[in-house]
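Trainee: Quick one: the structure is below, and I'll ask about it shortly.
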Amino acid sequence: MNDLDPLSSFAALLTDRGRALLDEVRDTEPAQELAVATRLRREHPVGLVSAALGQARLRQRAVAKFGAADAGRMYFTPNGVEQSTRASVAAYRARRFQELGVRSVADLCCGIGGDAIALARAGIPVLAVDRDPLTAAVARANAEALGLGELFEVREADVTEVETAAYDAVFVDPARRGGRGRVFDPEAYSPPLSWAVRTALEAPLAALKIAPGIPHETVPAEAGAEWISDSGDVKEAVLWFGTGEAGSVRATLLPGPRTLVGRGLPDPQVRPLGRYLYEPDGAVVRAHLVAEVAEELDGGGLVDETIAYVTADSLKATPYATAYEITDQLPFGVKKLKALLRERGVGVLTVKKRGSAVEPEELRRKVKPQGPNSATVFLTRVKGAPTMLLGHPAPA
């Protein structure tokens, strides 16, 4: 089987012999692969050994998205690991479909089945469609491996030719990577965003997964837009159709979930730096809801009209931003910062930046922090001037 195509190689992994080999190489470390492969090739076909080791490597990478229990049973492709939805985000979206009364979903461009798995686990029957034969085969294997076959039908087809009228909702996750990497033009998605929007408008309810950097002006008037972060990292944006929330904007933070809904507030005023600096969550920033965070604070305002840092004189808990107590404000200068850090005995330095071209690692290398204490430095602008703000996380 040395010359088998990827689909045949994957099919070999689903045989009893393939599954046994996968179990055997499950915990193989990268440094051990050559020795393990050499040993196993004495008893197994070369292609099967390579496929098993490659799958074990993908499963190890997938733990961060799917958790060890699921990743250890699932199957992946390299693109599938990279592009699949994180399990926590998929579970959140499935719950939202459930709360909206959805009883069946057509998952178009399903990939290796991450979202379909979450929908099926929420008790929602799902048709998962992908045109790539290997990807569809992997999704089908995942449905079986996780015991979801009865709720999870996989179809190998071009999504533009699939009839979805029988389903309560449509979910579309267009491919946003091409041969040269990420695709930033929504019309270069596969299929294009315009097709996905037309399909969504024809469905009773729909959700379209898009890149979080999509310009707000390209969001269709008929859609509500939601930006989602998980543990502080922005993961995606979703356009919702048919929910009765056309034109709405929201930021959802996981775990939680905690959702901040836009109220159309004007940009906050710029004010003098207060005792506390608030760093809004990335989903809040992407959703343009910094004003909603500032309004929650007593006298909250921006440190600069172009920077998404909020400042206030008093500490107030908010789930949508991380608060820091600021101890020093200095004009930007490496020598000044190095001297201050030496004076404070700072050996652990966290560097954050907005509106600065300086790279954190470069700055850390130049100041060479040493000592028993820790601090956070913000490289930013205050009223247009390059500034360094030194502080530490405020008490929760």
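The values are calculated or read from the model by the stated rules, or taken from the named source; none is laboratory data. These numbers come from a predicted model, not from an experiment. For neighbour counting, all protein chains shown are included, and Cβ atoms are generated from backbone atoms with ideal geometry for every residue, glycine included. All accessible areas refer to the heavy atoms of the entire protein, side chains included, with ligands and DNA or RNA removed. Shrake-Rupley method; radii C 1.70, N 1.55, O 1.52, S 1.80 Å.
Trainee: Can you run down the residue pairs with Cβ atoms below 7 Å, 6 or more apart or on separate chains, where the first is in segment 367-381 and closer than 11 Å to His392 by Cβ and the partner is open to solvent by 10 Å² or more (accessible area, probe 1.4 Å) and part of a helix (DSSP H, G or I)?
Mentor: Once the first residue is closer than 11 Å to His392 by Cβ and sits in segment 367-381, its partners that are open to solvent by 10 Å² or more (accessible area, probe 1.4 Å) and part of a helix (DSSP H, G or I) give Asn373/Arg344; Ala375/Arg344.
Trainee: Sticking with this one: Checking Val285 against (1) open to solvent by less than 40 Å² (accessible area, probe 1.4 Å); (2) within 25 Å of the chain's Cα centre (by Cα); (3) over 16 Å from Lys383 (Cα atoms): exactly one of these is not met. Which one?
Mentor: (1)
Trainee: Show me the helices (runs of 4 or more DSSP H) entirely contained within segment 252-348 in which 3 or more residues are among the basic types (Lys, Arg).
Mentor: Qualifying helices (runs of 4 or more DSSP H): 334-344.
Trainee: Considering only segment 1-34, how many residues are open to solvent by less than 70 Å² (accessible area, probe 1.4 Å), free of Cβ contacts under 8 Å to residues at least 12 places away in the same chain and more than 27 Å from Arg131 (Cβ to Cβ)?
Mentor: Residues meeting the conditions: 1.
Trainee: Next up: Could you check, for segment 300-309, whether at least one of its residues is farther than 20 Å from Pro393 by Cα, surrounded by 14 or more Cβ atoms within 10 Å (Cβ to Cβ), out of contact with any Cys (no Cβ under 6 Å at 6 or more places or on another chain) and not aliphatic (A, V, I, L, M)? Break it down into steps so the answer makes sense when it comes.
Mentor: Let us first name the residues in segment 300-309 that are farther than 20 Å from Pro393 by Cα, namely 304-306.
Within this subset, residues satisfying the condition of being surrounded by 14 or more Cβ atoms within 10 Å (Cβ to Cβ) are 304.
Now drop any that are not out of contact with any Cys (no Cβ under 6 Å at 6 or more places or on another chain), which leaves 304.
Remaining after also requiring not aliphatic (A, V, I, L, M): 304.
Looking for residues that are farther than 20 Å from Pro393 by Cα, surrounded by 14 or more Cβ atoms within 10 Å (Cβ to Cβ), out of contact with any Cys (no Cβ under 6 Å at 6 or more places or on another chain) and not aliphatic (A, V, I, L, M), one finds at least one in segment 300-309, hence yes.
Trainee: Taking segment 82-116 only, how many residues are without any contact (Cβ under 8 Å) to a residue 40 or more places away in the chain, crowded, with 21+ Cβ neighbours inside 10 Å and either among the β-branched types (Val, Ile, Thr) or more than 14 Å from Phe66 (Cβ to Cβ) (or both)?
Mentor: 2
Trainee: Of the residues Glu226, Glu202, only one is among the charged types (D, E, K, R) and buried (at least 22 other Cβ atoms within 10 Å of the Cβ); which?
Mentor: Details: Glu202 fails: buried (at least 22 other Cβ atoms within 10 Å of the Cβ).
Of the residues listed, the single one that is among the charged types (D, E, K, R) and buried (at least 22 other Cβ atoms within 10 Å of the Cβ) is Glu226.
Trainee: Sticking with this one: Yes or no: segment 259-282 includes at least one residue that is more than 24 Å from Lys316 (Cα to Cα) and without any contact (Cβ under 8 Å) to a residue 40 or more places away in the chain. Let's see the steps before the verdict.
Mentor: Pass one, segment 259-282, residues more than 24 Å from Lys316 (Cα to Cα): none.
No - not one qualifying residue is present in segment 259-282.
Trainee: Of the residues in segment 170-205, how many are in a strand (DSSP E or B), closer than 20 Å to Ile112 by Cα and modelled with pLDDT of 90 or more? If you could, list the steps in order and put the result at the bottom.
Mentor: Of segment 170-205, the ones in a strand (DSSP E or B) are 170-172, 175, 177-178, 181-182, 190, 205.
Okay, now just the ones that are also closer than 20 Å to Ile112 by Cα, so 170-172, 175, 177-178, 181-182, 190.
From what is left, the residues that are modelled with pLDDT of 90 or more are 170-172.
The number of residues fulfilling the criteria is 3.
Trainee: Does segment 144-158 hold any residues that are at pLDDT 95 or above and either polar (S, T, N, Q) or surrounded by 24 or more Cβ atoms within 10 Å (Cβ to Cβ) (or both), and which are they?
Mentor: Result: Val154, single match.
Trainee: Do you know which residues across segment 144-154 are over 26 Å from the mean Cα position of the chain (by Cα) and part of a strand (DSSP E or B)?
Mentor: If the condition is that a residue be over 26 Å from the mean Cα position of the chain (by Cα) and part of a strand (DSSP E or B), then no residue fits.
Trainee: Still on this structure, please answer the following. Consider Ala62 carefully, then state whether it is in contact with a Phe, Trp or Tyr (Cβ under 7 Å, 6 or more places away or on another chain) and open to solvent by less than 70 Å² (accessible area, probe 1.4 Å). Spell out how you get there, then give the answer.
Mentor: Details: in contact with a Phe, Trp or Tyr (Cβ under 7 Å, 6 or more places away or on another chain): yes; open to solvent by less than 70 Å² (accessible area, probe 1.4 Å): yes.
Considered against the rule, which asks whether it is in contact with a Phe, Trp or Tyr (Cβ under 7 Å, 6 or more places away or on another chain) and open to solvent by less than 70 Å² (accessible area, probe 1.4 Å), Ala62 comes out as yes.
Trainee: Residue check: is Thr85 within 22 Å of the chain's Cα centre (by Cα), among the polar types (S, T, N, Q) and more than 23 Å from Ser229 (Cβ to Cβ)?
Mentor: Working: within 22 Å of the chain's Cα centre (by Cα): yes; among the polar types (S, T, N, Q): yes; more than 23 Å from Ser229 (Cβ to Cβ): no.
Judged against the criteria, Thr85 is not a match.
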